[in-house]
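Q: Structure provided below as structure tokens; questions to follow.
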Amino acid sequence: MTSLNPTSRRTARRRFAMLSLVAAALVGSASATPVTAAPSYQRISGEGSSWSANAIDAMRVNVEQFGIIVNYNATGSTAGRKTFLNGTVDFAASDIPFQFQPEDGSAPENPAPGSYAYMPVTAGGTAFMYNLKINGQRVTNLRLSGENVSKIFTGAIKAWNDPALQADNPGITLPARNIVPVVRAEGSGSTQQFTAWMIATHPEVWQEYCERSGRAPSCGPTSFYPTVTGMISQSGDLGVSEYVKQSFAEGAIGYVNYSYALSAEFPVVKMLNAAGFYTEPTPNNVAVSLLKSRINTDESNPAKYLTQDLSGVYTDTDPRSYQLSSYSYLILPTKVAGQFNEAKGLTLGAFAYYAMCQAQQSSASLGYSPMPVNLVEASFEQIRKIPGVQVQDIDIRQCKNPTFSADGTNVLANNAAQPQACDKQGVGMCPTGTGGLPNVPTAVTASSVGSPTPGSPTPATPTPGSPTPGTPTPGSPTPGTPTPGSPTPGTPTPGTPTVNTILDATGAPVDAVTGAPVDPTGVPVVVVGVDPAACDPDTGVCGGGAGQTADAPTAGGAVGPITATTLAKSSAWDASLALVLLIVILTVGVVLAPALAWRFFNEARTS
Amino acid sequence: MTTTLRPTTPHGGAPDTPRTLSLRLGRSDKIFTRGTFASGMIVLSIMGAVGFFLTLESTDALGKVGFGFLTTSVWEPDRGVFGIKAVVTFTILIALVAVAIALPISIATALFIAEIAPRRLRSLLVSLVDLMAAVPSVVYGLWGAFLMQGQVIGVSRWINTWFSWIPLFKVEGADPSNPLSNATVYTASTFVAGVVVAMMVIPIQCVVMREVFSQVPPGEREGAFALGSTRWGMIRVVTIPFGRGGIIGGTMLGLGRALGETIAVYMVISSRFDVSFNVLEAGSNSVSALIALRYGEASEFGLSALFAAGLSLFMITLVVNFVASWFVSRSRSGASSDA
Amino acid sequence: MTSTLRADPIATDQHVDEPQPPNAGRSTTLWASTTIPRSDVRRAAPSRRPIRSWSKRDMQLLAGVALSSICTTLLIFGRLTSWNGKVGFAIVTFLVFLVIYAVLSSLTENRPAVIDRVMTVLLASAAIVAIVALASVIFYTFGRGWSALRHLNFYTEDLRVTGPEQDLDIGGVLHAIVGTTIIMVMALVLTVPVAITCAVYLTESKSRAVNAVRTIVTAMTALPSIVAGLFVFATWVLVFGFPRSGLAASIAISIMMLPIIIRSADVVLRLVPGSLREAAAALGAPQWRTVWHVVLPTARSGLTTSVILGVARGIGETAPVLLTSGYATSLNLDPSQNPMASLPLTVFKLVSSGQDNQVARGFGAASVLMAIVLVLFVTARVLGGRPAGRLSPRQARRRVAQSASDLVRIDALRAARVETNVIAAPRPPAREAFSHGSTQKEHP
């Protein structure tokens, strides 16, 4: 009945007026905030590869200065191509072309002919990022042959101390930890590249796994990694790198783009190439490797034009090459359809020009390899096919692309450093860190460090992955860079920050992270000065009682071959447990006995 | 309160014969009636459309695999091999773990609020529990992924160490006697997801139970006290039997919520498609997480398969919710609770 | 459980209130207005007596036991068995506490009393666990988000030029805040009118379809939000070909919110005392006036609460937005096209990126989201703290003043009628009103 009353009606009206004022102010303030975009540019959105997402995100951020607003969702290459087909995005990013005849049993993708064009946007390497410690020291120089990588990701090799892995890494004693392969959960181009490589190089390993995982008979390259128990699947390169990064994920290894290992500040596996060298996918190495990729130049067939054939990369005998190098593509619409129109085409064109020209300058710093000149030129032609595009006449030399040279060869590849001599198979092992931890060397046994070949060239360009060994940068953000033998008392070391001790089976406390035995005060017990030869090859644990117990700060600070003390192995429910129970009962008994006794006497007296 | 309507015969005399009533609506009321009826029909049709569309979309996939849909665990619709055995098993496992954790806490909290807490504390607690229900699930997901995961690993390892002889707590690949064994075998597990979902289930169960417990007839309570019962004795013989329907109904409601949770589970688990009842083991799945993971890259048929999965999830929650409502409404206490 | 609302014998017994004398204290008491009967289903239960208060001795005992249990556990943990870990410490302390408390209580109490005490401690500790968990969720979120929250730019900028590694003094979540606001406002515009009219239909109509609608609505509250999102994605986006946008997201959220709001509004409207409707009908009001001027205003606070709680639920939904709108890093004011970020989705995307600053931003966004939910929640508490028909002091004062002025007006009218000697004839369509009233009877 209130609203019958004129006064309340007035208040209602006033309230409404106020509300609308507030709403208007909200909208007004909101619309006033963004930088007034150049009127001609419309917001565009894309979706797809997470492998190339770091590069595309950098471009996205940089084109904002021109008033171009790009939304990019790294949902995986498969999802990118799918949403492109659905017409719900303006462009897609995918590591692989449309799958007209997928060999893994998934549904064929059938884009309308002539409705799209591929544009190679960046290149890079699929790196294997791992989380492995030996006695609290992060391993940063792991090396693996292609066969071992395949076997790890097919569950054929289950433990880090497998003799096959140990053979790749003569300088370090790998621990008896289980390997946790981390793979992509959703449809992903890098999964497809990885499986294609595996099928090309180690078909029997893959075939066996394909049957074991229940995927057979569709055992072709797949975007959906088949999993078995013991594997972890995560969404996106980010999901994988995030998982591997966790402190609890020790023993994990996952495949991501090299740039993710850089930003996660984690090492990557050096993989054995056809020349017998262990290399990592630095931008230079990728540039070298991709010289051997065959690009389809049949312009009459847009379904194939500019796509890559990587079989030459797998067998490249350049000592610098990295086998899992590849290009990643933008898929551009060439017809107006779905939500895409000519106004968006104008924006997309400008974005694509930027991506192919200016953006290539900075991609090496992110961990990607810039496009060579022939692909940039071809891409410019592809951009012309976007409806509504404003064709730009770009002087290609103004792009400052680090690969361009006057004679047309790839500068980046020309300048790529030769691998160190110790990276050669069978000649020991380099202590140099890799990936995101180039300045964190891992101690290797002296005999295994190969003597540097006099003629081996020093790195010409200071790429993140190839620092000179033995020169840790001071002030590096990552812990654990002390020089051998120098105790650093008082400073936090890898051993101490994680005093998250839990009980192991015996009731003996064990550091939750490192698995090293801990003394009751929570400080890891470490024994220094043990002959590395005394290490147990099965557990990676070095025994020998002759060491002296040292405090963790000193011990953790030393890079010399540190080894833990003996580990009591026993099952649950044993004597030590009984002892613990006894202690608990006795302690509580000590507290309660007086009270119970008092009661007993009281009752005795009263009765 | 409608009892006064019937004309009574206060002064004696001849009893009234009921008048025949007829209803002739005015124009305004006709508009009103039709308007509200229309809105009811709109809602009916929207909801009907959702249900119909779900069924329609999923017939394609269901028609292809038939009963295999229930017995296949892998999810590869494009190869024609897909089923919800694994995802539904994991979904139910997560929900059961969540309810198993939440149930004791929510019953005890509800009893505490209804029977023990002083009046002031009571209203505060009621507000806090309601607030717990209002916290967005993504926040619980954050909490689970960033804070709980680390804590739960220790608990999982402990349970696994001592109780691995129970099949439920076995962990493939875990070796408690080996200090170097990976902590990863305990991460992203059904158990971790269950702990996170439990946080969302607690308030839902607690609200229903508290409401039911607070309706215990004071006469019966005081009768119990008068017979010399302690408070716990009274709770045991009066409150809990009285609220049994509410306890069961609230539990089921919580289960319904736990089954449908998406993002918090998605943030915590690592998906797997082989059925495993080892709740502590790494890897789990849920129907909603499957949809969130695969909708973008699904082909037309794959989408139909996802719809079939969504439909089956909907069916399960539907049954659970209806059973919950039935229990609550049938119980002595739950008549007016809005469950 | 819908139709049995008033069928419960206990409830009925309790809620038959003695009718208020119609004219009692018409200008002094707050309860004088005819629209405010005291009866209310939930409140009417006779108040309980406090059973026991804690004596000083109990408190001393508890404190002593707590102290000794902590000391004992410290002894066991730190000195004797060298255990570690907070969780283990808490659990052992608790167990030791229970044992010591039971034993010490047994010194003075008999068995049932000891059990009573131990159970009381157990129940209380469960409540504490729940509260601690809630507090840890809230404080952990705010704590980790604080580094982002304390920068003003966090609220005034979006992430369009912000790379993941950039410092926290660049970029913010304005796009998500605005996106959430737009999506929720649109969802409300779509939902509230339909939901309230539908709830009115459920409570006021005698149509046979009511039960069908109610069943369907109840069923649809079980609809998982992701399925709602999938539905909109498949129809709106894929079949109809509309772009993924804020509008699509708000449709999905509407579908999810609609049954929730309808159901709680239905409950609230059913709590409006039937006597009010009867009174209105008896005064000759047609049904729509009864609803518009009596039922809805009476239940206003409850309706507001149900809407707000629906919003609180919808605003935190991530999955439907993920499917139907997609994530965007820049401010988008156009809900009809292009992705529009919402807060929960932003949280999800930011924290999954893993870089420290992005995670801090994600937690900051989660804090903002939670602050919004908190505000909504407190608003709902303040508005909905009172059951249907109970007024706030201010509303009551206004109502009294209104009644008083009505009385003056009626008196004046009557005086005028007496003057002109017009005898008020009974209104002809009284039958209509009566028949309305009789329909209000509840069925068992």
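Q: Tally the residues that are within 13 Å of chain A (Cβ to nearest Cβ) and free of Cβ contacts under 8 Å to residues at least 60 places away in the same chain, restricting the search to the stretch B:65-82.
A: Of the residues in that region, 5 qualify.
Q: Restricting to the stretch B:18-53, and then to whatever is at the interface with chain C (Cβ under 7 Å from one of its Cβ atoms) and farther than 21 Å from C:Ser207 by Cβ, can you tell me which residue is surrounded by the most Cβ atoms within 10 Å (Cβ to Cβ)?
A: Looking at residues that are at the interface with chain C (Cβ under 7 Å from one of its Cβ atoms) and farther than 21 Å from C:Ser207 by Cβ, I get B:Val50.
Q: Does any residue of the stretch C:406-422 turn out to be part of a helix (DSSP H, G or I), at pLDDT 80 or above, within 43 Å of the chain's Cα centre (by Cα) and under 26 Å from C:Leu271 (Cα atoms)?
A: Within the stretch C:406-422, none of the residues are part of a helix (DSSP H, G or I), at pLDDT 80 or above, within 43 Å of the chain's Cα centre (by Cα) and under 26 Å from C:Leu271 (Cα atoms).
Q: Residue under question is B:Gly246, and the condition is that it be in contact (Cβ under 8 Å) with a residue 40 or more places away in the chain, farther than 30 Å from C:Thr141 by Cα and not aliphatic (A, V, I, L, M); does it hold?
A: yes
Condition check ((1) closer than 26 Å to A:Thr229 by Cβ; (2) touching a Phe, Trp or Tyr at 6+ places or on another chain (Cβ under 9 Å); (3) away from chain C (no Cβ under 13 Å)) across all residues:
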{"residue": "B:Val87", "(1), (2), (3)": "yes, yes, no"}
{"residue": "B:Leu128", "(1), (2), (3)": "no, no, no"}
{"residue": "B:Gln151", "(1), (2), (3)": "yes, no, no"}
{"residue": "B:Phe169", "(1), (2), (3)": "yes, yes, yes"}
{"residue": "B:Val195", "(1), (2), (3)": "yes, no, no"}
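Q: Let me ask something else about it. Scan the stretch C:203-219 and tell me whether some residue there is farther than 30 Å from B:Ala102 by Cβ, part of a helix (DSSP H, G or I), of a type outside the set (A, V, I, L, M) and within 22 Å of the chain's Cα centre (by Cα).
A: yes
Q: Residues that are at pLDDT 75 or above and on the phi < 0 side of the Ramachandran plot, at least 3 per element: which helices (runs of 4 or more DSSP H) completely within the stretch A:6-117 meet that?
A: Once the helices (runs of 4 or more DSSP H) in the stretch A:6-117 are filtered for at least 3 residues that are at pLDDT 75 or above and on the phi < 0 side of the Ramachandran plot, what remains is A:53-63, A:77-86.
Q: OK, next. Filter the stretch B:297-332 down to the residues that are within 8 Å of chain C (Cβ to nearest Cβ) and of a type in the set (Val, Ile, Thr), then identify the one that is nearest to C:Ser325 (Cα to Cα).
A: Only one residue tops the list, namely B:Thr317.
Q: To continue, here is another question. Taking the stretch A:133-153 on its own, how many of its residues are in contact with an Asp or Glu (Cβ under 7 Å, 6 or more places away or on another chain) and in a loop (DSSP other than H, G, I, E, B)?
A: 1
Q: Follow-up. If a residue counts only when it is within 8 Å of another protein chain (Cβ to nearest Cβ) and either under 17 Å from the mean Cα position of the chain (by Cα) or not β-branched (Val, Ile, Thr) (or both), which helices (runs of 4 or more DSSP H) contained entirely in the stretch A:176-284 have at least 1 such residues?
A: It comes to A:236-245, A:258-264.
Yes/no matrix, rows are residues, columns are (1) surrounded by 24 or more Cβ atoms within 10 Å (Cβ to Cβ); (2) within 12 Å of chain A (Cβ to nearest Cβ):
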site	(1), (2)
C:Leu333	no, yes
C:Ser336	no, yes
C:Pro339	yes, yes
C:Ser342	yes, no
C:Thr346	yes, no
C:Leu350	yes, yes
C:Asp356	no, yes
C:Gly364	yes, no
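Q: Which residue, of C:Glu278, C:Glu317, is more than 21 Å from B:Ile46 (Cα to Cα) and of a type in the set (Asp, Glu)?
A: Of C:Glu278, C:Glu317, the one residue that is more than 21 Å from B:Ile46 (Cα to Cα) and of a type in the set (Asp, Glu) is C:Glu278.
Q: Being surrounded by fewer than 16 Cβ atoms within 10 Å (Cβ to Cβ), within 23 Å of the chain's Cα centre (by Cα), under 25 Å from B:Val139 (Cβ atoms) and facing another protein chain (nearest Cβ under 10 Å), is that true of even one residue in the stretch C:167-178?
A: Looking for residues that are surrounded by fewer than 16 Cβ atoms within 10 Å (Cβ to Cβ), within 23 Å of the chain's Cα centre (by Cα), under 25 Å from B:Val139 (Cβ atoms) and facing another protein chain (nearest Cβ under 10 Å), one finds none in the stretch C:167-178, hence no.
Q: Quick check on the stretch B:136-151: of everything there that is touching a residue at least 60 places away in the same chain (Cβ under 8 Å) and closer than 16 Å to C:Val132 by Cβ, which residue is farthest from the chain's Cα centre (by Cα)?
A: B:Gly144
Q: In the stretch B:68-86, which residue that is small (Gly, Ala, Ser) and buried (at least 19 other Cβ atoms within 10 Å of the Cβ) is farthest from A:Pro217 (Cα to Cα)?
A: Step by step, filter the stretch B:68-86, then rank; the result is B:Ala86.
Q: Scanning for something of a type outside the set (Gly, Ala, Ser), within 7 Å of chain B (Cβ to nearest Cβ) and within 20 Å of B:Gly296 (Cβ to Cβ), does the stretch C:201-220 turn up at least one residue?
A: The answer is no, given that none of the residues of the stretch C:201-220 is of a type outside the set (Gly, Ala, Ser), within 7 Å of chain B (Cβ to nearest Cβ) and within 20 Å of B:Gly296 (Cβ to Cβ).
Q: Identify all residues within the stretch C:369-378 that are surrounded by fewer than 24 Cβ atoms within 10 Å (Cβ to Cβ) and aliphatic (A, V, I, L, M); write none if there are none.
A: Across the stretch C:369-378, the qualifying residues are C:Ala371, C:Ile372, C:Val373, C:Leu374, C:Val375, C:Leu376, C:Val378.
Q: Going through the stretch C:136-157 one residue at a time, which ones are more than 9 Å from every other protein chain (Cβ to nearest Cβ) and part of a helix (DSSP H, G or I)?
A: C:Phe139, C:Phe142, C:Gly143, C:Gly145, C:Trp146, C:Ser147, C:Ala148, C:Leu149, C:Asn153, C:Phe154, C:Tyr155
Results for (1) in contact with a helix residue (DSSP H, G or I) (Cβ under 8 Å, 6 or more places away or on another chain); (2) aliphatic (A, V, I, L, M); (3) within 22 Å of A:Ser263 (Cβ to Cβ), shown as yes or no for each residue.
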| position | (1), (2), (3) |
| --- | --- |
| A:Ser321 | yes, no, no |
| A:Ser328 | yes, no, yes |
| A:Gly338 | yes, no, no |
| A:Leu348 | no, yes, no |
| A:Tyr368 | yes, no, yes |
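Q: What's the total number of residues in the stretch A:285-303 that are surrounded by 15 or more Cβ atoms within 10 Å (Cβ to Cβ) and part of a loop (DSSP other than H, G, I, E, B)?
A: Total meeting the criteria: 6.
The values are calculated or read from the model by the stated rules, or taken from the named source; none is laboratory data. Just so we're clear, the structure is a prediction, and the values are computed from it rather than from any experiment. Cβ atoms come from the backbone with ideal geometry, glycine included; neighbour counts cover every protein chain shown.
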